[in-house]
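Engineer: The structure under discussion is supplied below as structure tokens; questions concerning it will follow.
The values are calculated or read from the model by the stated rules, or taken from the named source; none is laboratory data. This is a predicted model, so every value here is computed, not measured. Neighbour counts are summed over all protein chains in view; Cβ atoms, including those assigned to glycine, are modelled from backbone coordinates with ideal geometry.
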Amino acid sequence: MQIRVAGIPVPEREVRFHDTRRWRFDLAWKDRLIAVEYQGGVFNCQASHSSIGGLTRDYEKFTEASLAGWRLILVTAKTVESGDAIEWITRAWQESPEKAAIAIV
């Protein structure tokens with residue numbers, strides 16, 4: 001809803017970005033190479049992404065995405081609720097798509 005209110009086109013969901021890996025972004029605008037990953041298991045010790053192996057796999061995914069030119073925005077429930085996430089997405093959307101890949105936590 002925040003994306004629509006900001007006037008940004010609705011992103012695609014579950015977008016594959018790698019030729020050989022099954023990695024997907026939660027949300028993405030392929031034409032702008034902007035991706036959003038929701039970090040839901042940040043505070044859940046039982047979540048697969050919070051294990052050492054899960055974090056290592058996520059870091060590999062994020063690094064490969066950055067090397068492929070994607071601008072990756074990592075968000076949590078807290079950043080969505082505070083408005084930080086939509087502010088980051090809006091900034092990424094307004095900046096030139098040719099800009100180098102960045103990661104925002």
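Rundown of residues vs (1) at pLDDT 85 or above; (2) part of a helix (DSSP H, G or I), yes/no style:
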residue: D19; (1), (2): yes, no
residue: F25; (1), (2): yes, no
residue: A28; (1), (2): yes, no
residue: N44; (1), (2): no, no
residue: T56; (1), (2): yes, yes
residue: A65; (1), (2): yes, yes
residue: L72; (1), (2): yes, no
residue: T79; (1), (2): yes, yes
residue: K99; (1), (2): no, no
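Engineer: For the range 19-33, how many residues meet the condition of being surrounded by fewer than 13 Cβ atoms within 10 Å (Cβ to Cβ) and farther than 18 Å from W88 by Cα?
Structural biologist: Here is the first cut: in the range 19-33, the residues surrounded by fewer than 13 Cβ atoms within 10 Å (Cβ to Cβ) are 19-22, 31.
Subset that is farther than 18 Å from W88 by Cα: 19-22.
Result for the range 19-33: 4.
Engineer: State whether the residues of the range 88-97 include one that is surrounded by fewer than 13 Cβ atoms within 10 Å (Cβ to Cβ), touching a Lys or Arg at 6+ places or on another chain (Cβ under 8 Å), at negative phi and at pLDDT 90 or above.
Structural biologist: no
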